[in-house]
Amino acid sequence: MNVYLIVEGHGEKKVYAHWVPLVNPSLTVVNSLDEVQHNNLIIYSGGGYPHYIEVIEAGVEDVVTNEQLDRLVIAIDSEEMSYKDKRREIEQVVKALGKNLDYKIIVQHFCLETWALGNKTIVSRNPKDIHLRKYRGYFDVLTKDPEFLPGYPADNLNRSQFAAHYLRKLLNEKYKNLTYTKRNPHALLHNKYFERVKIRLQTTGHITSFNDFLAAFV
């Protein structure tokens, strides 16, 4: 199976390149359509809304016209939308093109950082950082489902911004030389990190949108 994957940004591209083969070890990442042969994964960055829609339309055309490609996978943040509304929005974009193809939609509800917050091992039980103590007092991702993380009005952060700040604070507290940014998600590029996120889903039922990811590449 050859998979054509569209993600939101460059950070997601790095994470998916590492995580997808952990779901399906037979898939090998390639950098161009010319390299696609057998059991390959090619990843494109959508560059955010509204350019993202144009990239999806181009991806549909590529998969339909290229016999080497078997499936289109679209990964996108729901951000301030509900999971169902974001999935419906992307389905409408694909269906409006009137093409017959195998496609899967991954809704990162509400962003990739939400999944990353599911790793319990990065949470210090007694954080020293005052901001992190406030964050955990406000919404403790150790015990509560990160997909229900609200915005943080005290710092004028919407929920996606808060998730990124929260994740960065957790990593900085636990691992002094490790941080996280959207363009440099190096902290997530480890097999154990992926496994911890998967375990959170399987043992608690939290971060249920991660099921989309696990199902998209098999």
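The values are calculated or read from the model by the stated rules, or taken from the named source; none is laboratory data. Since this is a predicted model, take the numbers as computed values, not measurements. Note: ideal-geometry Cβ built from the backbone for every residue, glycine included; neighbour counts use all protein chains shown. Note: areas computed on protein heavy atoms with side chains; ligands, DNA, RNA excluded. Shrake-Rupley method; radii C 1.70, N 1.55, O 1.52, S 1.80 Å.
Computed values, structure above
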| read-out | value |
| --- | --- |
| Reach of Lys176 by Cα under 21 Å, taken over lysines that are not fewer than 8 positions away in the same chain | Lys120, Lys128, Lys134, Lys192 |
| Per DSSP, loop GluC sites (Glu not before Pro) in the stretch 30-106 with at most 10 further Cβ within 10 Å | Glu67 |
| For the chain, calculated [θ]222 nm from helices alone, where every DSSP H run of n ≥ 4 adds -39500 (n - 2.57) | -13500 deg cm²/dmol |
| Label-point separation in nm, Asn156 to Lys120, each point 7 Å along Cα→Cβ | 3.7 nm |
| In Å², nearest 10: area of Ile130 left accessible to a 1.4 Å probe | 90 Å² |
| Gain on full stretching of the segment that runs from Tyr49 to Val64 - 0.36 nm per residue minus C-alpha separation | 3.1 nm |
| 10 Å Cβ shell holding at most 16 others, DSSP loop, trypsin sites (Lys or Arg not before Pro): longest site-free stretch of the chain | 1-98 |
| Relative contact order %, the stretch 113-200, counting alpha carbon pairs below 8 Å whose residues are six or more apart | 38 percent |
| Long-range amide H partners of Asn40 with built H, under 5 Å | Asn2, Val3, Thr28 |
| Quotient of Cα Rg and 2.2 N^0.38 Å for the stretch 65-178, N being how many residues it contains | 1.34 |
| Contour minus Cα-Cα distance for Asp140 and Tyr175 (0.36 nm per residue) | 10.7 nm |
| Estimated FRET transfer efficiency (Ala96, Leu189; beta-carbon r; R0 41 Å; 0.05) | 0.70 |
| Net charge over other residues, Cβ less than 13 angstrom from the Cβ of Asn211 (K, R count +1; D, E count -1) | +2 |
| Unit Cα scatterers, Debye sum, the stretch 113-200: log10 I(q)/I(0) for q = 0.14, 0.15, 0.18 Å⁻¹ | -0.43, -0.50, -0.73 |
